[in-house]
Amino acid sequence: MIRRALHAGVLTLTFDRPEARNALTPEMLDALIAGFDEADRDPTVRALVLRAAGPSFCAGGDFGAFRRLIAEAAPADGPDPIVGSNRAYGTVLERLAGLAVPTIAVVAGAAAGGGVGFVAASDFVLARADATFRLPEVTLGLPPAQVAPFVADRIGRVRALQLMLTAEALDAEGALRCGLVDRIAPNDAELAAELARTLAALERAEPAAIRATKAILEHDRTGERGATLDFAAEQFARALRSSAVSERLAARAPSS
């Protein structure tokens with residue numbers, strides 16, 4: 001359901017349930033978490049790519065799973081199992097947004113509901129020209145519960161609210177204009193070339209510096225600003241004392 005491939009420091013996780021428009025299952029969420037753990041833990045991983053098999057990127061939650069959940073009455077005492085099921089998806093988005101390495105979503109086809117969550121939580125979003133983006137939850141009587149904060153972080157609260165309340169569908173150009181997408185490619189070949197260019201740009205940076213930069217921004221997203229600046233100073237000092245930085249600075253020093 002999630003295919004994993006590691007090549008030249010790039011870990012690619014592919015949604016591979018095309019017969020169900022890559023709708024999410026608990027097993028897929030577990031596999032994504034395992035992939036994120038690998039990216040955080042393995043220093044040779046320089047970037048993580050999310051993509052999909054088939055004509056859709058990701059349809060979000062699995063309706064069959066929803067029907068099974070509501071078929072069971074809520075317990076008279078104790079937590080509702082639906083709460084835990086929904087929150088598990090939010091945990092996956094938190095992990096993606098806070099990942100130590102750069103993340104790139106490659107979107108071809110439709111991203112809906114929870115699929116838009118993966119887009120919003122990624123650092124770079126590359127879309128084929130026929131990609132579409134929609135948050136249809138309110139038309140089903142549901143809020144986009146776990147997705148909402150990540151979409152608002154990515155494109156701003158007001159525009160995010162408009163998209164969520166109207167279930168407006170965006171084409172790739174519309175998603176580019178509002179900041180949900182970063183680059184558009186007309187076809188698969190150009191999409192692959194755009195991904196290669198993005199990865200090549202990231203390869204020019206020192207991996208430890210990338211991880212430190214991401215850690216600073218994640219600290220700022222989840223913590224207090226002063227504490228973040230203290231954390232950032234510590235990260236800077238650690239980096240400046242590293243051998244990699246010493247070598248790069250020496251290479252740039254003017255010749256005597």
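The values are calculated or read from the model by the stated rules, or taken from the named source; none is laboratory data. Given the structure is predicted, the values throughout are model-derived calculations rather than measurements. Neighbour counts run over all protein chains shown; Cβ positions are idealised from the backbone, glycine included.
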Out of Arg46, Arg68, Arg87, sole residue that is surrounded by fewer than 23 Cβ atoms within 10 Å (Cβ to Cβ), outside the structural domain of Leu217 (by TED's automatic domain parsing) and within 27 Å of Gly156 (Cα to Cα): Arg87
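Considering only the range 217-246, state which residues are of a type in the set (S, T, N, Q) and either within 26 Å of Asp153 (Cα to Cα) or touching a Gly at 6+ places or on another chain (Cβ under 8 Å) (or both).
Taking the range 217-246 as the starting set, the residues that turn out to be of a type in the set (S, T, N, Q) are 222, 228, 235, 242-243, 246.
Residues satisfying the conditions are Thr222, Thr228, Gln235.
Working carefully through the options Arg95, Arg87, find the one that is assigned to a helix (DSSP H, G or I), farther than 23 Å from Ala185 by Cα and modelled with pLDDT of 95 or more. Reasoning before the result, please.
Working: Arg87 fails: modelled with pLDDT of 95 or more.
Criteria check complete, one pass: Arg95.
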Qualifying residue in the range 52-75 (condition: under 26 Å from Ala205 (Cα atoms) and of a type outside the set (Gly, Ala, Ser)): no
Subset of the range 41-77 [in contact with a Pro (Cβ under 8 Å, 6 or more places away or on another chain) and in a strand (DSSP E or B)]: Ala47, Leu48, Ala52, Ser56
Condition broken by Ala145, with the remaining ones in (1) assigned to a loop (DSSP other than H, G, I, E, B); (2) under 16 Å from the mean Cα position of the chain (by Cα) satisfied: (2)
Number of the exception - Phe236 against (1) among the aromatic types (Phe, Trp, Tyr); (2) over 19 Å from Gly60 (Cβ atoms); (3) in the same structural domain as Ala108 (by TED's automatic domain parsing): (3)
Criterion violated by Ala185 - all others in (1) in contact with a strand residue (DSSP E or B) (Cβ under 7 Å, 6 or more places away or on another chain); (2) small (Gly, Ala, Ser); (3) under 27 Å from Gly90 (Cα atoms) satisfied: (3)
Residue in the range 113-128 that is part of a loop (DSSP other than H, G, I, E, B), over 21 Å from Asp62 (Cβ atoms) and modelled with pLDDT of 95 or more present: yes
First in the range 118-143 and farther than 19 Å from Asn22 by Cα, second anywhere and charged (D, E, K, R) and part of a helix (DSSP H, G or I), Cβ under 7 Å, 6 or more apart: Pro143/Glu137
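Matching residues to (1) touching a residue at least 24 places away in the same chain (Cβ under 8 Å); (2) in contact with an Asp or Glu (Cβ under 9 Å, 6 or more places away or on another chain); (3) not hydrophobic (A, V, I, L, M, F, W, C):
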site: Ala160; (1), (2), (3): no, yes, no
site: Asp171; (1), (2), (3): yes, yes, yes
site: Leu180; (1), (2), (3): yes, no, no
site: Arg183; (1), (2), (3): yes, yes, yes
site: Leu195; (1), (2), (3): yes, no, no
site: Ala208; (1), (2), (3): yes, no, no
site: Arg238; (1), (2), (3): yes, no, yes
site: Ser243; (1), (2), (3): no, no, yes
site: Ala250; (1), (2), (3): no, no, no
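Which residues, taken from the range 230-256, are aliphatic (A, V, I, L, M) and either modelled with pLDDT under 85 or within 15 Å of Ala208 (Cβ to Cβ) (or both)?
Taking the range 230-256 and keeping what is aliphatic (A, V, I, L, M), we get 232-233, 237, 239-240, 244-245, 249-251, 253.
Scanning the range 230-256 gives Ala232, Ala237, Ala239, Leu240, Ala244, Val245, Leu249, Ala250, Ala251, Ala253.
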Scope the range 77-103; condition within 16 Å of Ile33 (Cα to Cα) and either in contact with a Cys (Cβ under 6 Å, 6 or more places away or on another chain) or of a type in the set (A, V, I, L, M) (or both); matching residues: Ala88, Val92, Leu93, Leu96, Ala97, Leu99, Ala100, Val101
Number of the condition not met by Ile184 [criteria: (1) over 15 Å from Cys58 (Cβ atoms); (2) outside any strand (DSSP E or B); (3) modelled with pLDDT of 95 or more]: (2)
